[in-house]
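Right, one structure below, let's go through it.
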Amino acid sequence: TGVTICDMEYQVNINHADLTGMLVGNPPASGPPFTDDHGTAVCTIAAGRDHGFGVKGIAYGAGLQFTSTWRRQFGTGFTDYVSGLTNAMNLTSTGDIIILETQTVGPNRPANPPEGDQTGLVSIEWIRSSYDAVETAVANGRIIVGAAGNGKQNFDDAVYSTNVEGWPNGQGPFQLANDSGSMIVGASLPLPVMAADFSNDGATVDFNGWGTDLTSGGYATPAVLDYGTKLCYYNDFVG
């Protein structure tokens, strides 16, 4: 209690029963490329309300906010992490938490990956402007928790410190010397406890969290109690 969690993603189901009282600082522009399921799942895991049914989140007493990274201009949709972080900063105060759910394309991303293949996707701190925005948020007292990404990458690989845009050669955002101050989190398997093979890793990854077989809000599957927008639940969410 007494802390606000601001989630940053494409979109979220603000009407979900476990997200009562959630405030949206800036809604997504029309036509995000993904559904609201992933955002809803993460928000219910983080702070789903304790009201006797559904999901009780880890920090169920926290304030809950959402800001979208999806913008449109001249009829074209695009992801804008910096504006998302700026909005998240405006919604929060010193000591509050901003969750960066999103990931971005890294140097090892295949040119034409199969649909659903996340190989080569990395933390948004790979983009220099996003790294700088994260560093600014940390300097202003926000606690930043960011996804390492599901790209099967090792951030200690030389490709992540060679000719990186916006950095001197031999440096990059995933080197410990350039730590932005955020907490980057990879995924682990629950039983046996071990790193998930789909998750990124490396020295800059600060923590691993349970990344599979999670019960959450969102998605319409056999685990659903009700196929309406307010009571969708899922028993196999993969972070």
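The values are calculated or read from the model by the stated rules, or taken from the named source; none is laboratory data. If you're wondering where the values come from, they're calculated on a predicted model, not measured in any experiment. For neighbour counting, all protein chains shown are included, and Cβ atoms are generated from backbone atoms with ideal geometry for every residue, glycine included. Heads up: the accessible areas ignore ligands, DNA and RNA and are worked out on the full protein's heavy atoms, side chains in. Shrake-Rupley method; radii C 1.70, N 1.55, O 1.52, S 1.80 Å.
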Return the long-range amide H neighbours of Ala195 (sequence gap of 5 or more, or a different chain), with a cut-off of under 5 Å between placed amide H atoms. Leu189
Just to check I understand the Karplus step: with θ = phi - 60° and J = 6.51 cos²θ - 1.76 cosθ + 1.60, what whole-Hz values come out for segment 55-66, glycine and proline as x? 10, 9, x, 4, 10, 5, x, 7, x, 9, 10, 9
Carbon and sulfur atoms account, in whole percent of the 1.4 Å probe accessible area of segment 17-96, for 57 percent
Using DSSP loop states and a limit of at most 11 other Cβ atoms within 10 Å to flag chymotrypsin sites (Phe, Trp or Tyr not before Pro), what is the longest stretch of the chain containing no flagged site? 75-226
Expressed in nanometres to one decimal, the distance between label points 7 Å along Cα→Cβ at Ala203 and Arg128 is 2.2 nm
In the chain, once you exclude exposed GluC sites (Glu not before Pro) (DSSP loop, at most 10 other Cβ within 10 angstrom), what's the longest stretch remaining? 1-114
Inter-probe distance in nm under a simple model that places probes 7 Å from Cα toward Cβ, at Ala195 and Lys230: 4.4 nm
Ile98's amide H: which non-local residues (gap 5+, or another chain) put their own amide H closer than 5 Å, with H modeled 1.01 Å from N in plane and none for Pro or chain starts? Cys6, Ile143, Ile144, Val145
From highest to lowest solvent-accessible area (probe 1.4 Å; ligands, DNA and RNA excluded), Ser180, Ser129 read Ser129, Ser180
How much accessible area per residue does the chain have, counting only protein heavy atoms and a probe of 1.4 Å, in square angstrom? 47 Å²
With a cut-off of 8 Å between alpha carbons and a minimum separation of six or more residues, what is the relative contact order of segment 107-150 in percent? 37 percent
At a threshold of 8 angstrom on Cα-Cα distance, excluding pairs fewer than six apart, so keeping six or more, what relative contact order does segment 124-239 reach in percent? 22 percent
Taking a crude spin-label model, label points 7 Å out from Cα along the C-beta direction, the Asp157 to Ala111 distance in nm is 1.8 nm
Looking at segment 128-180, what % of the alpha carbon pairs are farther apart than 16 Å? 47 percent
Expressed as a whole-number percentage, the relative contact order of segment 27-109 with C-alpha contacts under 8 angstrom and at least six residues apart is 22 percent
Carbon plus sulfur fraction of accessible area for segment 137-239, probe 1.4 Å, in percent: 56 percent
Summed side-chain charge close to Gly57 - residues other than Gly57 whose Cβ falls under 10 Å, Lys, Arg +1, Asp, Glu -1: 0
Quick one: grab the alpha carbon gyration tensor of segment 38-145, order the square roots of its eigenvalues as a ≥ b ≥ c, and give me rounded if a/c is under 1.5, else prolate or oblate depending on whether a/b is larger than b/c. oblate
Compute the Cα gyration tensor for segment 145-239, then decide on rounded, prolate or oblate, letting a ≥ b ≥ c be the square roots of its eigenvalues: rounded whenever a/c is under 1.5, prolate when a/b is larger than b/c in the other cases, and oblate in all that remain. prolate
